[in-house]
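Taking it in order: structure first as structure tokens, then the write-up.
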Amino acid sequence: MESALKEVDKIMKVIDRNANGDIDYSEWVAATISREQLLSKQRLEMAFSIFDKDGSGSLQISEFKEIFGGAGVSEEVWKGVISEVDKNGDGEISY
């Protein structure tokens, strides 16, 4: 588990371009668009599995809220964020 946390720290340093300790929406988009350059498939799978708290293979709004502490964001904003990358329209982000 410790090596996984070190790997997550490495990923955070690469993705968190403004070094504020959070992955902003624009940083997330930039990381996923250019993932071939930033993340190997193995690292991407590991990062996804860390965010996928229930192990379902997809990320739901509830998991984003848990990850980001709700951040005082409305339900509609969370739905909007997911809908921008939800290719199959199921309301989740699938790996």
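Give segment 60-95 a look and list any residue that's surrounded by fewer than 16 Cβ atoms within 10 Å (Cβ to Cβ), of a type in the set (D, E, K, R) and not in a loop (DSSP other than H, G, I, E, B), or say none.
Result: 65, 66, 75, 76, 79, 84.
Determine whether residue 13 is part of a helix (DSSP H, G or I), at negative phi, modelled with pLDDT of 80 or more and not β-branched (Val, Ile, Thr).
yes
Looking at segment 31-44, can you tell me whether even one residue there is at pLDDT below 85, of a type in the set (Gly, Ala, Ser) and outside any helix (DSSP H, G or I)?
Within segment 31-44, one or more residues are at pLDDT below 85, of a type in the set (Gly, Ala, Ser) and outside any helix (DSSP H, G or I).
Looking at segment 72-84, I want the residues that are farther than 12 Å from residue 62 by Cα and have a partner that is exposed (fewer than 13 other Cβ atoms within 10 Å of the Cβ) with Cβ atoms under 9 Å, at least 6 apart or on another chain. Which pairs are those?
Taking only residues 6 or more apart or on different chains, the pairs are 81/25; 83/89; 83/91; 84/25.
What pairs come out if I take residues in segment 20-39 that are within 17 Å of residue 9 (Cβ to Cβ) and pair them with residues that are assigned to a helix (DSSP H, G or I) and at pLDDT 70 or above whose C-beta lies under 6 Å away, six or more apart or interchain?
Pairs that qualify, where the first residue is within 17 Å of residue 9 (Cβ to Cβ) and the partner is assigned to a helix (DSSP H, G or I) and at pLDDT 70 or above, are 23/15; 27/15; 31/15; 38/14; 38/31.
The values are calculated or read from the model by the stated rules, or taken from the named source; none is laboratory data. Quick caveat, the model's predicted, so the values are computed rather than measured. Neighbour counts run over all protein chains shown; Cβ positions are idealised from the backbone, glycine included.
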